[in-house]
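The values are calculated or read from the model by the stated rules, or taken from the named source; none is laboratory data. Everything quoted here is computed from the prediction, not taken from an experiment. Here the Cβ positions follow ideal geometry from the backbone for every residue, glycine too, while neighbour counts run over all protein chains shown. Accessible surface is based on the protein model in full, side chains and every heavy atom, while ligands, DNA and RNA are left aside. Shrake-Rupley method; radii C 1.70, N 1.55, O 1.52, S 1.80 Å.
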Amino acid sequence: MRPMQGFSASIAVAATVMAVSGAGAEDKPLGTRLVDQMNALYGAHPAARANHATGAVFEGTFTPAQGADALSAAAFLKGPPTSLTIRFSNAGGVPNAPDTDPSVGGIRGMAVKFRLPDGGENDIVALSVNGFPVSTGEEFLAFLQAAGASGPDVPKPTPIEQFVASHPAAAAFAGSPKPVAVSYGTQPFFGVNALKFTNAQGVSKFGRYRIVPKAGAAYVSDDEAAKRSATALADNLRASVEKEPVKFRLMMQVAESGDPTADATKIWPETRPTVELGEIAITKALDTKKLENGLLFMPTNLTKGIDVSDDPILNTRTEAYGDSYGRRTK
């Protein structure tokens, strides 16, 4: 399936339910309205995430690269390895969605929680696509509402077609290649939001994470993907981890003066330097059903030496993730 076809199929599935409406909706926090709209698109599933509902949880370690602490004073960038909890996921709000289900739209997630020696945490929340379709939470809500209003019987151009046509970044995101990886362990991931990294000397730089399979990215054809098991991405990673740790390089793309830090739709040029931060090793598959609902990964859950940028999506994501967590754990 070509990228735009996958996007269209995802919207078609989502659009079978009408958009959220009702008195008082505008008075709710933006994060709550986003979760409401996700539930309208995919159905409200108790004890499941509103988005990235299908996942697999693993244990691992992070070993910092020599000199990584020159970039940031973050505790995990120096000293001995740090314990990790990692959750890989398929996008969309349908629990147990197959890897190639239209509701997934070809998008994967990787969330990493660093368990720091002092009992603190640091989270990374990354996507398999470099960039984001919109630059603000309000635009993302409008995008979801347009999808919900674009049922199969709606005259063309549908609201979602009009939205994409008027938002070049959304069109670029929809049209970007989204091949299916051999496993989650062969899929690169991107931190789409800029963060501020400050070292012990007080020198700060802005950057975006990149998580790159150490053995290289590897994909399957659309035909092969269609023939595989519904959970091949997770199954193949579990099989690999049983033999040996599956490793990723954690890197940071460093912004130069003038690079936008407040807009996740603006992808920085590939000519920007990247800094090696260290190695993520996936060492053990955990009991996903037992653990995943109690896990909360927040893009603003950061340790000393790493701070949020002026990207408004960061706080919106945290608000929505917190709302979704509260619903699935009550």
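Take every Cα pair under 8 Å in the chain that's 6+ residues apart, average their separations, divide by the length, and report that relative contact order as a whole percent.
Working: 745 pairs, mean separation 80.7, N = 330.
Once normalised by length, the contact order is 24 percent.
Adding -39500 (n - 2.57) for every DSSP H run of four residues or longer, then dividing by how many residues the chain holds, sets the calculated 222 nm ellipticity at -8500 deg cm²/dmol. Taking amide hydrogens as placed 1.01 Å from N in the peptide plane, the amide H of Ala149 sits under 5 Å from those of Ala19, each at least 5 positions away in sequence or on another chain.
Quick check: convex hull over the Cα atoms of region 59-194, volume per residue in Å³, rounded to an integer? Intermediate values should be presented prior to the final figure.
On the way: hull volume 20.5 nm³, N = 136.
Taking only Cα atoms, region 59-194 has a hull volume of 151 Å³ per residue.
Taking amide H as placed 1.01 Å from N in the peptide plane, Ser309 has its amide H under 5 Å from the amide H of Lys196, each at least 5 places away in sequence or on another chain.
Ordering of 121-128, 153-160 by packing is 121-128, 153-160, highest average first (other Cβ atoms within 10 Å, averaged per residue).
Mean projection of the alpha-carbon convex hull of region 225-330 over all orientations, in nm²? Kindly include the intermediate steps, with their values, before the conclusion.
Values: hull surface 40.9 nm².
Directional mean of the projected Cα hull area for region 225-330 stands at 10.2 nm².
Taking the chain as a Gaussian network of alpha-carbon nodes connected by springs under 10 Å, the highest mean-square fluctuation of the residues Lys78, Lys113, Lys304 belongs to Lys304.
Just the number, please: Stokes-Einstein D of region 38-139 in µm²/s, Kirkwood Rh from C-alpha pairs, 10 °C, 1.306 mPa s.
Details: Rh = 15.6 Å.
Answer, rounded: 101 µm²/s.
Of the Cα atoms belonging to the chain, the radius of gyration and Dmax stand at 19.2, 61 Å. Model label sites at Glu270 and Ser229, defined 7 Å from Cα along the beta-carbon direction, differ in position by 3.5 nm. Annotation: per residue accessible area for region 107-237 equals 41 Å², rounded to a whole number [probe 1.4 Å, protein chains only]. Out of the total accessible area of the chain (probe 1.4 Å, heavy atoms of protein only), what percent is carbon and sulfur? With neighbouring chains kept in place, the figure for the chain is 55 percent.
Residues with beta-carbon under 15 Å from that of Glu26, excluding Glu26: net charge, scoring Lys, Arg +1 and Asp, Glu -1? Intermediate results must be reported in sequence, preceding the final value.
On the way: positive: Lys28, Arg33; negative: Asp27, Asp36, Glu138.
So the surrounding residues net to -1.
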